[in-house]
Every structure is written in C-alpha cells, then in structure tokens.
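Remarks on the structure that follows.
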Amino acid sequence: MSDLFTVDPLLTETATDLFASTCDFDEVQASEAAGWSEAVWAPVNEAGFTRIGLPESAGGSGGTLTDAAEVLRVAGAHAAPIPLAETMMLGGWLAVVAELPLPDGPVTVVPGTTNDTLVATRSANGLKVNGSAHRVPWAARSDQIAALVPDTDANELFVVMVKPEDVAITPSTNLAGEPRETIEIDVELDGGFAVVDSSVADQLRLRGALSRTMLMAGALEAMSALTLGYTAERSQFGRPIGRFQAVQQHLVWGAQDAAITKMTAQVASVHAADDVLAARFEIAAARQIANESAATATRWAHQAHGAMGMTQEYALHHLSRRLWAWRHEYSTPGEWAAVVGEHAVSVGADGLYPLVAS
Amino acid sequence: MKFEPTQLTSSELELQAEVRDFLATELPPGTYERALGMGAGKDVEFSKKLAARGWVGMALPTQYGGHDRTAVDRFIVVEELLSHGAPIGHHWVADRQTGSIINRFGTEAQRERFLPPICRAELAFSIGMSEPDSGSDLASVSTRATKTDGGWLLNGTKVWTSGAHENDWFVVLCRSAPLEDGNKHQGLSQLLVDLSSPGLEINGIPFLDGSPGFNEVVMTDVFVPDELVLGELGMGWAQNTSELAYERGGPDRWLSTFGIIEEFLRINEGTPLGARAHEMLGSTVARYWGLRNMSLTVARMIDRGEAPAVESSLVKEMGTRFEQDVLQKVLELVELEPSPDSAQLFERLVASAILTGPSFTIRGGTTEILRSVVSKGLGRRGVA
Ligand SMILES: Cc1cc2nc3c(=O)[nH]c(=O)nc-3n(C[C@H](O)[C@H](O)[C@H](O)COP(=O)(O)OP(=O)(O)OC[C@H]3O[C@@H](n4cnc5c(N)ncnc54)[C@H](O)[C@@H]3O)c2cc1C
C-alpha cells in the first residue's frame, strides 16, 4: 500500500462535527473573557476525544499518536479553546509514561521555558518540589498539572503531578487571550511522582512542537477557507474583491501556506507515531514550515480582509491570534531550523538529497 | 517620479534640537507608556503643551493661530514625537490633515472658527470616510445629505471611525446629489459634523487586541447647517483625494514599530548581542535611514508647491510593509512568548505590534490600492 497517512476518515469527520457544533463564534469569543469553556470541554471529553493516543489500559481512549494529532488539527481549525493538546499528548502522556493515574478532567503541562526554576529533592516522606514555571496553559482550570522536574544534581528526572490548589498561580494570557499562567510550587509530595528516563524531556519537547504544528495546520486551513469566502462575498468597485489579481495573490499564497503545512504536519505525525525521537527531522522540518507559514499566511489573510479582519466581532482573529501565539510555543527562534540544519550537516553533501527525499 | 536628496538647514536643525530637548524633559524613557507610532492614545495635556510650543497646526497661517511653518518643520516635529511613541492621539488627525484641508478648501468663516482651536489642541477630529460597503472604493459611499431649510439632513453609517467615541468633530464624505450617468466622483461633498449632534449614535467596535478605538457612527437625520459644508458643494471627491495625500508618505508610515528596535537596544545595553542581532540591526537601521530620506524629500516637495501624490504613495507602500518586516525580524531573534500583560515594555510593544500590525498596510489606503496608484504614476511619469 502506498498510502502513508492512514487515519480513518471517520475520525476526522466525527471530530469535525464535534468541534464545529461546539466551537461556534460566540463560544470561542466568550471563552476569552471567562478563561474557560465548559461548553466545549464537556462534550469533547464525553466523546473520549481528550484521551486519544493514550492506551485504554491506562484510562485512555486508545488509538495512535497520529490519530491524536489529527484530532488536534481539527481542533485548531475550530480554534477550540481547551487544553486538548495538553491533556492527550503532553500532560496526560507524562502521567501514562510515569505510570501515574490519569486524572478524569483536564490535565495541563509545564511546557518548560528557559527561565523556569523547578527542582526536586528526595525527602524522607517523598519528594520536595519547588520553584516556578511559566506559560502553563489553563493551570487554574486543570485537574492536575504535570511537570518534568530534575533533581538538584540533574541525576534523576521526575514526572510530578500537582493540583492547582497546591500551587500559587499568577494569571497571564497569550496573544489569543488563552490562559498561560505562572505557577510557584513549594510542596512535599508523598505520591504523584515517578522517576522517568532522561529522554522523556526530549520526547516532551518534540511532542509539544508537533502539537502546535498540528493546531497551526488546522488554523491555517480554516483561515484560508474563511478568506476565500470573505473575498467572494465582499464587493468593491462593483465586483467581488476576490476577482482582483492583487487579492488573488493573497488567496493563493495563503492556500499554499495552508497546504504545505497540513501535508508536512501529517507526514510528521505518521513518523512520530512509531517513535518521536526517530521522527526528529520530520517534526522539526514540519514545525519550521508551520512557523513560517503562520507568519506569512496571517499577513495575507488580514490584508485580504481589510479593516473587517481587525475587529473582535469577526472570526478571523480567533485563528490569526492563535497562530501568532502558537508559533512561539515549544519553539525558540531558530530552534527547529537548527535541528534541520544540523541534520543536513551531519549527513553531508552526498547524504543531502537522500535526506530531502527521505 | 523623483526623490531628490535633501538635508536639514541650520534653522531646521535648531528646531530639531528644541523638540529633542522638550521630549527629553517631558517624556524621559520609563515615565510614560510608549505607543506604536500614530496608534498612540489621547493625552490632552500633552497635546496642549505641544500646542503651547507652536507645534500643533504649525504649518497653518499665523492669522488663524498657526505658525506659517513649512511641511519640513512639521516633519521634524512629528518624526521626533513618533519615534518616542509619544501620546499624540488627541491632536493627531487635526494636525495631519483636517487643519490643512479646512485651510485649503474651507470658507473664511470655517477657518476662523476651526483653525484657532485646532492650533490650541482643543478640538479633536475623526475621519468619516469608510462605510460598511465602501472601503477601498470610497466613491461608492452611500451616506446621503438631503437639502432642508438652512442646511442638510445626513443619513447613513460610517465605520472604523477611529476615536469617534472621544473626539469632537468628524469630516463626513457623503453624497449630496444623486448619482448621474454613473459618474460616481460627482455629487460628493465633505461636511463638518459635530460628533455630539442629535441623531448621531456612536457604537464601539472592539479592535483585534480588545482595545476600544474603532467605532460605527450611525446618522439619522443629523442636521448640518449650510455653513458647515466644507469647501465647495459637490467637490467632495477632489477635496477628499487631496486629504488622503496628507495621510500618506509621512513618518507615521514607517515608524510604527521603531520603538521595538529602540527598546531592544535598551534592554540589551551592556550585553554582547552576537552576529545575528548585528545583522538584524544593520539591515533595519539602514532601511530606517533610507526611508527617512525619502520621506523627508516628500515634505520638501510639498514645500515647493508640488503635489507628490505618487511619491507619497510609494513611500507608504514601502514603509508600512517595512514596519511589519521589522517585527518579524525581531521575533526571529528574541526568545519570548509574546504576552500583552508582560511586565516588560519591550514585550508589551512586541505583543501589541503582532496584534495591531496587520492594520499598518490597510489603514489610510491599502497596499494594493497604493500599488495601483504608484504604477499608474509610473506609467504617466516614468521611473526617473
Ligand atoms: C486601524 C484602522 C483605522 C482606521 N480608521 C479609519 C477612520 O478613522 N476613518 C475611516 O473612514 N476609515 C478608517 N479605517 C478604514 C480604512 O480606511 C479602510 O480599512 C481601508 O480604506 C480599506 O477598506 P476596507 O477595509 O473596506 O477593505 P476593502 O476595500 O474591502 O479591501 C479588502 C481587500 O481587497 C483589496 N482590494 C480592494 N479593491 C481592490 C482593487 N481594486 N484592486 C486590488 N485590490 C483591491 C484591498 O487592498 C484589501 O486587500 C481604518 C482602518 C484601520 C485598519
């Protein structure tokens, strides 16, 4: 069989129906002021879509990482304002890897920024954890916060699960108005932690990068469709603006950005299902493309919308602001380009085309 | 098309030094919330202080409270204000365009009534051009003025009217005679309309970053007396086109993101920056320098009595794209997750530029429309 992407179309369809029916304009808009959307979370969770890619034996819904990635892509297309990536691909995954119980509600994760200071010390009763972590999505609204914490000598790496009520939370938001909070931890745990292999940190970073790639792929496709629709409706100088060549250029560039991002994101998600570490090149390359596309496609979409795109009363900002926010998550400047570049250097001149064609 | 190199004269350099001194005293770094160029907020006191120095409406005639200064003098003042991110919102529109068009097209009575308070920074104006169905195609406006005893009744809806919720007046482009023979450039007029008129309703439209500023202005039988028809009845299109020329080509079209570069340097003072940062700074600063030269030349042309509509459109098209490019370059260099509620000014400016940046190439005439203006000009006049 020559098909690489073999996710059951029914999964995509069901997810599309689910997100389309829950993430309407008003709900996404309201979630920003409220900081939470039960109206989206509850039905998605009910349907088991918050646990795809996690084994049933551990309380997950089963399925592969590729399936989970596909669901995220659909969620991104609908600007779903919930910690879906965190619960199924990141925080929830950490719980499973550490063989800790998977909580029933939303699980968030400490993404790990350079100015985080979390450390762990073994104590007589268990584990002392303290320090601060930044940009934690929906920390205050989650059941549990998963974090990867090294001990002071960096000999051991722990997965730690803490409850929001046990940490101090300082509110903050990303560019899309979604909660990205700072947490201060100072606790002594007698359970809810486990030592994991040191490669888990690397895996989490790759999964995080992949999760944003999928969300961005979805948002880019939806943004392209929205722009196409708007420019067919909006008339100036007696005809739909989509008939002007200058506007068509934006439409085509936006569609190209969406197409290449979706395609490479899906390829990366297939490779990642077997082994995220082995899919480093694909994830990095897809992520680099997603970042570049987010930067350019938001420009084309906004330009084609004129002033209409600049208000909160029209849907474009639900997508563009998320793209602007997501491209900085699990990605520092040059990080993923460097991974791809290092690959190129390591395979050398003779290996270069084979790498491109891999 | 011509961009002849020019430089500041010694008296112009004196003015520049005065403005720099004033800003160093009034707005030392860290004492005010720096804005992204002309997106700045309203600070009536600050505007009045500028007016007291003679820097509002400075190119208007002395007899109406102005100072008979040149377009280059005004350029010198506004480039300093904009590069500081000073709070110029209150007087900005009146200073840039409304004062000039009232002076140029208005009746004697209108000049006497409006120009002195504009020069004292007492009157704030908005722009009433765009409508729900008329954006780039402005000549298609459907707001209607119908003749009544002693004046006109205005009916229609304006949209994206920046500052209407806090300003005093706006200039409304409307149809004052029915469309004839499909010539839509005829039968348009500009009316000076008090924003507190009965029958006028202002509804806020939240901007992309959640801030107020955008408005919809609905007019139902708003009475406008005859003496407030700006200039000549039916000449609205020509007047409006000339008004747009004041909106283009100035430092406000390439300085919006300048504060980001300046703050980037400030927060990195004393730390080695590395080759990539030097490269970014080099290409950015070179272009600021180049655009500033072009933009200054446009002001010189205005002072020579020329009408640099094509040149100013060319500068705006280039300058506004550059404003967005600057932001991208910084984002590719600096590790941060932009957050509007950051404790650091640099990060707040970056967040605000990401959210409001798309409008740089839309407001005041879109890039696409400007390109067609420039290419038509190239066709007429050639490149050199
Ligand atoms: C921040 C901001 C502040 C503003 N403040 C004011 C204000 O105070 N007062 C006011 O009156 N207006 C204001 N505006 C409105 C502004 O002038 C309009 O947005 C602008 O003229 C474009 O019109 P539009 O938004 O309706 O876009 P449209 O005209 O609908 O254009 C949409 C897209 O189609 C393209 N397009 C349209 N026609 C053509 C063509 N013939 N060829 C090629 N491409 C074409 C445009 O370039 C654009 O990319 C503001 C806008 C912004 C963003």
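Structure notes:
- Per residue, the convex hull volume that the Cα atoms of region B:1-158 enclose (Å³): 162 Å³
- Principal axes of region A:107-196: Cα extent on each, largest first, Å: 42, 24, 19
- Principal-axis analysis of the Cα atoms of chain B puts helix B:275-303 at an angle of about 30° to the longest axis.
- With a simple spin-label model that places each label point 7 Å from the Cα along the Cα-to-Cβ direction, the separation between residue B:218 and residue A:235 comes to 2.4 nm.
- Partner aspartates and glutamates for residue B:158 [C-alpha distance under 13 Å; skip if fewer than 8 residues away on the same chain]: B:131, B:133, B:201, B:216
- Ranked packing of A:301-311, B:231-241, B:321-331, B:273-283, most packed first, by mean Cβ within 10 Å: A:301-311, B:321-331, B:231-241, B:273-283
- Rounded to 10°, Cα long-axis angle of helix A:25-34 versus longest principal axis of chain A: 40 degrees
- When the convex hull of its Cα atoms is viewed from all sides, region A:240-294 shows a mean projected area of 4.0 nm².
- When only the Cβ of Lys, Arg, Asp and Glu is charged (+1, +1, -1, -1), the dipole of the protein assembly as shown relative to its Cα centre reaches about 2640 debye.
- Burial order of peptide ranges B:168-181, A:284-297, A:152-165, B:49-62 (average beta-carbon count within 10 Å, highest first): A:284-297, B:49-62, B:168-181, A:152-165
- Reciprocal mean inverse distance between Cα atoms of region A:199-357 - Kirkwood radius, Å: 16.6 Å
- Checked against a 20 Å cut-off, the cross-linked pairs B:184/B:316; B:49/B:316; B:48/B:316; B:2/B:316; B:316/B:376 give Cα-Cα distances beyond that limit for B:184/B:316; B:49/B:316; B:48/B:316.
- Carbon-plus-sulfur accessible fraction, region A:126-179 (probe radius 1.4 Å, protein heavy atoms only): 45%.
- Value at 222 nm in deg cm²/dmol, rounded to 500, when DSSP H runs of n ≥ 4 in chain B each add -39,500 (n - 2.57): -13500 deg cm²/dmol
- Model label zone, residue A:125; criterion: amide N under 19 Å from point 7 Å along Cα-to-beta-carbon; scope region A:148-164: A:160-164
- Accessible-area composition of region B:225-375, carbon plus sulfur, in percent [1.4 Å probe]: 60 percent
- Reduction of at least 40 Å² in accessible surface, 1.4 Å probe, comparing all protein chains with the chain by itself, residues of region B:335-384: B:335, B:337, B:338, B:341, B:354, B:355, B:358, B:362, B:368
- For region A:1-68 versus region A:113-190, the gap between their alpha-carbon centres in whole angstrom: 26 Å
- Region A:26-124: equivalent-ellipsoid semi-axes (sqrt of 5 x gyration tensor eigenvalues, Cα, Å): 25, 19, 13
- Peptide A:297-309 - average C-beta neighbours from other chains (10 Å radius): 5
- Descending semi-axes in Å of chain B, equivalent ellipsoid built from Cα gyration tensor: 35, 23, 22
- Considering all different alpha carbon pairs of chain A, the Kirkwood hydrodynamic radius works out to 21.0 Å.
- Accessible-area loss of 20 Å² or more (1.4 Å probe, protein heavy atoms, chain alone versus all protein chains) is found in region A:219-249 for A:234, A:236, A:237, A:246.
- Buried solvent-accessible surface, both chains (B, A), 1.4 Å probe, Å² to nearest 100: 3200 Å²
- Set of aspartates and glutamates near residue A:128 by C-alpha distance (under 12 Å), chain-local residues within fewer than 8 positions excluded: A:151, A:186, A:188, A:190
- When shorter helices are ignored and each DSSP H run of at least 4 residues is given -39500 (n - 2.57), the per-residue value for chain A at 222 nm works out to -16500 deg cm²/dmol.
- Accessible area per residue in Å² at 1.4 Å probe, computed on region A:54-125: 33 Å²
- Between the alpha-carbon centres of region B:158-193 and region B:248-271 there is a gap of 35 Å.
- Computed over region B:109-262, the alpha-carbon pair-distance distribution with 5 angstrom bins reads 2, 9, 16, 21, 21, 16, 8, 4, 2, 1, 0, 0, each value a whole percent.
- With kT/(6 pi eta Rh) evaluated at 10 °C and eta = 1.306 mPa s, and Rh the Kirkwood radius from Cα pairs, region A:260-318 diffuses with a coefficient of 122 µm²/s according to Stokes-Einstein.
- Student exercise, chain B dipole from Lys, Arg, Asp, Glu Cβ charges, in Debye to nearest 20: 940 debye
- Relative contact order [Cα under 8 Å, 6+ residues apart], chain A, whole percent: 15 percent
- 20 Å-binned pair-distance histogram of the protein assembly as shown (Cα, whole percent): 16, 45, 29, 10, 0
- For region B:269-313, the alpha carbon positions stretch 48, 18, 9 Å along the principal axes, listed from largest to smallest.
- Hydrodynamic analysis of region B:171-323 uses the Kirkwood radius over alpha carbon pairs. Inserted into Stokes-Einstein at 10 °C and 1.306 mPa s, it gives a translational diffusion coefficient of 82 µm²/s.
- Peptide B:159-165 - average C-beta neighbours from other chains (10 Å radius): 1
- Taking the charge dipole of region A:107-196 about its Cα centre, with +1 at Lys and Arg Cβ atoms and -1 at Asp and Glu Cβ atoms, the residue from A:140, A:130, A:176 reaching farthest to the positive side is A:176.
- Dipole check for region A:9-97: with +1 at the C-beta of Lys and Arg, -1 at the C-beta of Asp and Glu, and the Cα centre as origin, the magnitude is about 300 Debye.
- Mean accessible surface per residue for chain B, computed with a 1.4 Å probe while every protein chain stays in place, in Å²: 41 Å²
The values are calculated or read from the model by the stated rules, or taken from the named source; none is laboratory data. Note that the structure is predicted; figures quoted are calculated from it, not measured. Cβ sites come from the backbone with ideal geometry, for glycine too, and all protein chains shown count toward neighbours. Surface accessibility is based on the protein's heavy atoms, side chains included, excluding ligands, DNA and RNA. Shrake-Rupley method; radii C 1.70, N 1.55, O 1.52, S 1.80 Å.
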